[in-house]
Amino acid sequence: KELRLVIEPWFHKYLTKRTYEIEYVEPYKLLDKSRFDIYSKLLFLEQIENDRNNYQELYLSFIKAFTLGTFKEPGNKFKVSGDIYIKTFKEIYFNIKQNGFDIGNSIIPISKEGNILNGSHRVASLMFLNKKVPIVRLDIKSPDYSYQFFKSRKVPIQFLDQCAIKEIQIKKNLGKNLKIAIIWPAADRS
């Protein structure tokens, strides 16, 4: 019953066990190719904090892709425009920055594979502030919000590239071994 108060209603049907454990995980452990949108949110937070670069259009292109251009969030009658998404994201970030993350208000649901199901703005805020993320694991398959998902939804390639560069920077800072392959297209042989 308590968990129903802190996760979104559309996840309630997946609460089939009697008890669940709330875990606190390092935010970067939640980075996965299935949530490529996190990098757009981190770039936008850089803009807010450092007032350099303008990532608003980049951020909104990912929201546009999620919502098929409507800027309407399912289950939230108040999120109906890009301006509201920006305002809400800023409120989330500054609230967490000033007050910490209140598990009495929300917990991040993650899939059985360990991927973010909802709450990417909260996770990005915690990641940017380097604070642990309170999660609950649900028996749900991960959605695929990978690079290819956003490419298929027409996010401009330069925005996808900026997010890929951000991903590389983060993984490098985490000490991950990175490998790059360059594949040249075959020349026209006619």
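The values are calculated or read from the model by the stated rules, or taken from the named source; none is laboratory data. These numbers come from a predicted model, not from an experiment. Reconstructed Cβ throughout: ideal geometry from the backbone, glycine too, with neighbour counts over all protein chains shown. Surface accessibility is based on the protein's heavy atoms, side chains included, excluding ligands, DNA and RNA. Shrake-Rupley method; radii C 1.70, N 1.55, O 1.52, S 1.80 Å.
Suppose we keep only residues that are outside any helix (DSSP H, G or I) and within 30 Å of N105 (Cα to Cα) within segment 145-165. Which one would you say is most open to solvent (accessible area, probe 1.4 Å)?
Y145
Among the residues of segment 93-103, are any of a type in the set (S, T, Y), closer than 29 Å to K172 by Cα, touching a helix residue (DSSP H, G or I) at 6+ places or on another chain (Cβ under 6 Å) and modelled with pLDDT under 95?
No, because not a single residue in segment 93-103 is of a type in the set (S, T, Y), closer than 29 Å to K172 by Cα, touching a helix residue (DSSP H, G or I) at 6+ places or on another chain (Cβ under 6 Å) and modelled with pLDDT under 95.
Which members of segment 118-136 meet the condition of being within 16 Å of I103 (Cα to Cα), assigned to a loop (DSSP other than H, G, I, E, B) and modelled with pLDDT of 95 or more?
Result: K131, K132.
If only one of F101, F71, F78, F94 is open to solvent by 70 Å² or more (accessible area, probe 1.4 Å), of a type in the set (F, W, Y) and either closer than 22 Å to H12 by Cβ or not in a helix (DSSP H, G or I) (or both), which one is it?
After ruling out the rest, the residue left standing is F78.
Any residue that is of a type in the set (S, T, Y) and either at pLDDT 95 or above or surrounded by fewer than 13 Cβ atoms within 10 Å (Cβ to Cβ) (or both) - is there at least one of those in segment 137-144?
no
Count, please, the residues in segment 1-28 that happen to be under 15 Å from the mean Cα position of the chain (by Cα) and without any contact (Cβ under 8 Å) to a residue 60 or more places away in the chain.
Of the residues in segment 1-28, 0 are under 15 Å from the mean Cα position of the chain (by Cα) and without any contact (Cβ under 8 Å) to a residue 60 or more places away in the chain.
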